[in-house]
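Nothing in this text is a laboratory measurement; each read-out follows from the coordinates by a stated rule. Computed from a predicted model, the values in this text were never measured in an experiment. Cβ sites come from the backbone with ideal geometry, for glycine too, and all protein chains shown count toward neighbours.
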Amino acid sequence: MLLTSVIIIIREVLEAAFLISIILSLCVQLNLTRHWFKWSLAGGVAGSIALGSQFGWVSNLFGGIGQELVDAGLQVFIYLCLLYICFKFIDHYFKPSGSNATFRAILTAVIACAMTREGSEIYIYLLAFQDLPEGGLSLYGGSIIGFGIGFSCCALFYYWILSFSVSRSLLLGCVLLTTMASGMMLQAAKMLIQADLLPDGQLWDSNGLLAEQSLAGQLLYALVGYEATPAPAQLMIYMVSGLTMAGVIIARHQYWRHRQLPEEANQYGN
Amino acid sequence: MSSLRRFLLVSILSVLMLVNFIAALHGYKSSMAEAENLFDQKLTAMALQLSSVPLRSQSNSPAPDDEHMVFQLFNADGKLVWRSVHAPDQYIAANEGLSENNFNDYRWRTLSYFNFVNGHRIMIAERMDLRYRLAERVILESIVPVVVVLPVAALLIWLIVGHGLKSLALLAGILRRKAADDLSAVNIDNTPIELMPVITSMNSLLRRLDDSFERERRFSADAAHELRTPISAIKMHLHNLHEEYPEHNSSLNSLERDVDRLAHLVEQMLLLHRTTPDHYPAKFESLSLAALAGEIIAANYADFSEKEQTIEVRGDEGRINGDRFALRIMLQNLLNNAYKYTQRGGFIKVIIDTGPDSVRLTVSDNGPGISAEVKSRVFERFYRVGGDRHASGSSGCGLGLSIVEHIAELHRATISMSEGEGGIGLAFKVAFPPSLIFGELP
């Protein structure tokens, strides 16, 4: 029970924890305000309890596929928010300015949504097993250990990103946000497969190489959306969403580079 | 702004938590495997005991059990001859040795043992959920302290990091409290070696800065002192020139005015240096500000009279402990300013007012006054209101109020500026602290 609790909690916590640490560290590096963070935490906790407590009702929506659709919807929303956030991070890197209200709202929403998605599953898990005779100590002990490992990874990752120069942090942050966002689209595809809205299948099984339930597997799941037995539709959506986001980031970066070149030329000319 | 203490607390606690929790999980897995092994050994020992029980002493009625562990005993013909009450009638396990099976709505750990001596087969099974729960309960007892101790560890790390950074906080406190003109070296007892380079570099910088200020002070003082003799000689030669060339009096008079101005500048520079609070040899004595003001007015009365200015001293005696020479210069400079910038026929007032918390000396006039922008600059060295183009046409060197500021600082007095009486002109107020009123020497 303890080990099961640890694995489930780590799996749920790590993804949101990495997302928080990457976004917060980039905000620090780019001198952006972080006052929005407390609101996103409050929103995440409230959303987790709300969605978790209404799980039965949500599941019965749309002919019994409500939970899958809500989950997939949240993932797609997070992907779009991350696309916008990377875009704005690059803008702030090349042209530092205070964050506007829309940007702050998107930052708040993305973390609140990520927490809601993961937190609601933790809420349901804890609620379901708390009355079992073998629960109690092992359930809550395992949860604390899972939370502890998730928090530690998040904190160390945050300081690790801060240890780089601004340009390298931005590069690393954008790459990781791209892989995480693509991973979320992969999970959204999985939800749609479960709802029979996308075709199922199995391209390969890499569990023998790296078990999805292992700590390394969980880390890769959170960072790059590692899936040991992906379906063709999942892989396709993963590739398309990843390439789209990478393309947008590179295009925005190139746009600013080309704008800067004439300015630099003018400076040297003067 | 990032906090060093928070960074150290969070990163150390995170590493501690990560390492401890992963070690605890590893320990949990190993302990569970070891507990499984022990339970299997117990099953084997019980099977051995049961297999050696003689069959003739057994009745066919099922033996009572606790539902956690059941057994079956088969004779050499493979017939079930004895079982516990909750054991099924059929073979529990198909395979020899240890295996896991499902019956009675639970999963069981089963051992099938064949006794080659008497041909008996023993099947003994234990409920897996119960043995797992028992093992986990025992192991969790050793993991719980790892989790519980973390808040204590966080508190200790917070205190230890705070203690480690104490020297840094001490240094920050010393620098915060340091006066702007205090360039003395910073010393901290038991300075950690990590902080030594910072303190050494800072003290070296302060020393160089102090030396540089001292050189600047000495240079202006020495230069002024060295200029006194040639200026006196020029004055003497000018006097002779007046005698020898009376037809050039106009030019010589202009030259004489400029030399007087130069002599005044040199005297003021010397006074500025001498009245620096750091090295002024103050001799505090009981004196009356009103009497001192009276003396200065009497000595300069001819000048005030020549400009038809009215001057009066009002208020009380204003007895304080002060340096007579310095206060005389201060009053002289304030009155001189009022005299220069007040128009012909204007009035100048010296008001002395002894209150419970200070003795206030005010020199006010009904002259043109100064703008708020200029007020912030009048104490700057060599700053002159309006420069040489001031409407009063008076000359000066812009050091008078800097000297006044030095003398006020020497007496720990405060200077302020406001409009004169009726909102006209300018008033300088010098407030002497109560320590000077009640006879304590600073």
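What the table below lists for this structure:
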quantity	calculated
Solution diffusion estimate, µm²/s, Stokes-Einstein, the stretch A:162-270, Kirkwood Rh from C-alpha pairs, 4 °C, viscosity 1.567 mPa s	80
Surface/4 estimate of mean projected area, convex hull on alpha-carbon atoms of the stretch B:196-273, nm²	6.0
Label-point gap, in nm, between B:SER250 and B:ILE234 - each point 7 angstrom along Cα→Cβ	2.3
Taking chain B and dividing mean pair separation by its residue count, relative contact order in percent (alpha carbons under 8 Å, at least six apart)	10
Cα-Cα pairs of the stretch A:22-167 separated by more than 28 Å (percent)	31
Nearest-20 debye value, the protein assembly as shown charge dipole, Cβ charges on Lys, Arg, Asp, Glu	260
Calculated FRET efficiency for the pair B:LYS42/A:LEU219, C-beta based, R₀ 30 Å, to 0.05	0.20
Calculated SAXS-style log₁₀ I(q)/I(0) at q = 0.26 Å⁻¹ - the stretch B:128-212, Debye, Cα scatterers	-1.21
Translational diffusion coefficient (Stokes-Einstein; Kirkwood radius from C-alpha pairs) of the stretch B:74-139 at 37 °C, 0.692 mPa s, in µm²/s	254
Pairwise centroid distance, computed over Cα atoms, of the stretch B:275-331 with the stretch A:102-141, Å	80
Of the DSSP H helices in chain B, those whose Cα atoms cover at least 30 Å axially and whose Kyte score averages -0.5 or more	B:4-51, B:128-164, B:249-274
With eigenvalues of the C-alpha gyration tensor scaled by 5 and rooted, the protein assembly as shown, Å	93, 33, 23
For the stretch A:61-70, Karplus couplings with θ = phi - 60° (6.51, -1.76, 1.60), whole Hz, Gly/Pro x	5, 6, x, x, 10, x, 5, 5, 5, 4
Share of pairwise Cα separations in the stretch B:1-115, more than 20 Å, in percent	58
For the stretch B:235-309, radius of gyration divided by Kirkwood radius, i.e. Rg to Rh on alpha-carbons	1.14
Cα pair count fraction exceeding 30 Å, expressed as % - chain A	32
Charge dipole magnitude, Cβ of K and R +1, D and E -1 - chain A, Cα centre, debye nearest 20	1140
Among B:THR362, B:TYR301, B:HIS163 - extreme Cα towards positive end, dipole of the protein assembly as shown, charges at beta-carbon	B:HIS163
Kirkwood-Stokes translational diffusion coefficient of chain B, alpha-carbon pairs, 4 °C, 1.567 mPa s, µm²/s	40
Inter-chain shielding of A:153-162 (mean C-beta neighbours from other protein chains, 10 Å cut-off)	3
Positive-end residue, the stretch B:4-160 charge dipole about Cα centroid, Cβ charges, pick of B:SER142, B:ALA47, B:THR110	B:SER142
Taking all pairs of distinct alpha-carbon atoms in the stretch A:1-95, Kirkwood radius in angstrom	15.8
Mean shadow area of the stretch B:279-361, taken as a quarter of the surface of its Cα convex hull (nm²)	5.9
Model label zone, A:LEU162; criterion: amide N under 16 Å from point 7 Å along Cα-to-beta-carbon; scope the stretch A:89-108	none
The stretch A:101-166, Cα convex hull volume normalised per residue, Å³	85
Approximate shape of the stretch B:69-199 as ellipsoid semi-axes (Cα gyration tensor, √5λ), whole Å, largest first	78, 14, 9
Amide H within-cut-off set for B:ILE348, under 5 Å, with H built and near neighbours excluded	B:THR310, B:ILE311, B:GLU312
Packing-based order for B:341-352, B:217-228, B:173-184, using average beta carbon neighbours within 10 Å, highest first	B:341-352, B:217-228, B:173-184
Calculated on alpha-carbon atoms, Rg and Dmax of the stretch A:120-207 in Å	18.6, 53
Base-10 log of normalised Debye intensity for the stretch B:280-437 (one unit scatterer per alpha-carbon) at q = 0.13, 0.18 Å⁻¹	-0.57, -1.13
Charge dipole (debye, nearest 20) of the stretch B:306-422; +1 at Cβ of Lys and Arg, -1 at Cβ of Asp and Glu	300
